[in-house]
Structure formats: C-alpha cells, structure tokens
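Take a look at the structure set out below.
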Amino acid sequence: QVQLVESGGGLVQAGGSLRLSCAASGRTFSGYAMGWFRQAPGKEREFVARLSGSGGNPYYADPVKGRFTISRDNAKNTVYLQMNSLKPEDTAVYYCAARSTTLVSTLVRDYDYWGQGTQVTVSS
C-alpha cells in the first residue's frame, strides 16, 4: 500500500514556474514507476510525465515537452514535477500516481495509487 501526497500547486502568471512535489509512504519507493497526470474542468484526466523506479526513462506528453521535468529522489520517497514557461492551458488539478512495478506507462488505468491532487492555475 502506498499513500501519495502532492504539494506545490498555486496561482502563477503565464511564463512563470512551479515545482510540484509528491511524497510517498512505504519503504520500497524505488519499486514503483511514477507518473504525473492532470485534469482540467470538464475534461478527462490526461498523462503529463512518467519515470521509472530507478529514475530513468523520463517521458513527456507533447504539450509539456521542453517545459516540464519529472524527477525523483528515492532516498526521500519523493517525485517532483518542475514546470517552467507555464501557459493558461496548463491550468488543471495535477495528480501523482504510482504503479506497482518499475515498468513505465502513460495510461491512467495502469496506475494503482493516486494522490488527492493539487490545483495549478495559470493566469494570462
């Protein structure tokens, strides 16, 4: 069982930056592939970025490539999402998710544990 708690969301102007953090419980954090997803009002939850258990093989959705960076610190049981050059269309609730395998995935249905989400609002 893994519990995930996101933090770091907020209100930022377009062009600004935020860093989201996701703290995980448990002793085998490196055994979980991690992902970030987001959900805007009236839209389905969508993939943003993912990372393997060891911190390798990062992969991003096209809309965030070159602006967002996913990373993890297994010693701190934490995964991060650095978001730069934010745009109004990045406004959403951001969720971190853990998959009970080191294998990565971009699919919502492949993740077993979810955080409660943190709101990111980008003003124009």
- Quick one: how many Å² of Asp73 are accessible to a 1.4 Å probe, rounded to 10? 50
- Note on the structure: Relative contact order in percent for the chain (Cα pairs under 8 Å, 6+ apart) equals 36
- Neighbourhood charge, 13 Å Cβ-Cβ cut-off, centred on Gly10 and excluding it, Lys, Arg +1 and Asp, Glu -1: -1
- Tell me, what is the per residue accessible area of the range 36-124 in Å², probe radius 1.4 Å? 49
- Note on the structure: Expressed as a percent, the accessible surface of the chain that is carbon or sulfur, using a 1.4 Å probe and the full set of protein chains, is 47
- Query: Which translational diffusion coefficient, to the nearest whole µm²/s, is obtained for the range 53-124 from the Stokes-Einstein equation, given a Kirkwood hydrodynamic radius over C-alpha pairs, 20 °C and 1.002 mPa s?
  - Reply: 158
- Tell me the chymotrypsin sites (Phe, Trp or Tyr not before Pro) within the range 39-124 that lie in a loop according to DSSP and have at most 13 other beta-carbon atoms within 10 Å. none
- Ranked by GNM mean-square fluctuation in the chain (Cα springs under 10 Å), the top entry among Thr91, Thr28, Thr101 is Thr28
- Message: For the chain, set up a GNM with springs between Cα atoms under 10 Å and report which of Arg45, Arg72, Arg99 has the largest fluctuation.
- Response: Arg45
- Under a point spin-label approximation (7 Å from Cα along Cα-to-Cβ), what is the Val5-Ser123 distance to one decimal in nm? 2.9
- Note on the structure: Two pseudo-spin positions, 7 Å from Cα along C-beta at Ser105 and at Ala23, lie apart in nanometres by 2.8
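The values are calculated or read from the model by the stated rules, or taken from the named source; none is laboratory data. This one's a predicted model, so the numbers in the text were calculated from it and none came from an experiment. Note that each Cβ is placed from the backbone with ideal geometry, even for glycine, and that neighbours are counted across all protein chains shown. Only protein heavy atoms, including side chains, enter the accessible area calculation; ligands, DNA and RNA are left aside. Shrake-Rupley method; radii C 1.70, N 1.55, O 1.52, S 1.80 Å.
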